[in-house]
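Down below is the structure, laid out as structure tokens.
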Amino acid sequence: MKTFILICLSALVMVSSADKLDDLLNTDMEKLLADDAVRKQVVGCMTDELPCGDYQAYKDMLPDLIATNCGKCTPEQKKRYEEINKFVLEKYPNEYNAVVSKYRPKTE
């Protein structure tokens, strides 16, 4: 019975995580990052320079997304992740590099 409960709880966590990931990947990043104050807050949150507030969920997921290059994503999620990466890199390269360099695995 305990095993069944653990399996059910694990399934709920996975579904909840998938929903949060979809929410993150479906965020209109162009609109979000267009506001200088919001962009500063989001980047500051991701780089541990500012409190996260409303952006904590992003920070909770972003390290794994960057470290694995969205390795646990569905094909649709991976496509959206790549679109967001391209947009942010082209439009905000300094911010992109600050965040990605923090979470990308170091190569020797």
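Inter-label distance, Asp64 to Ala34: 3.2 nm, where each label sits 7 Å from its Cα along the C-beta direction.
Output the peptides 96-105, 40-49 sorted from most to least packed, where packing is the average of other Cβ atoms within 10 Å over each peptide's residues.
Values: 96-105: 14.1, 40-49: 16.9.
Packing order, densest peptide first, comes out as 40-49, 96-105.
Any read-out appearing in this document is the output of simple, stated calculations on the displayed coordinates, not a laboratory observation. The model shown is predicted, which means the values in this text are computed figures rather than measured ones. Reconstructed Cβ throughout: ideal geometry from the backbone, glycine too, with neighbour counts over all protein chains shown.
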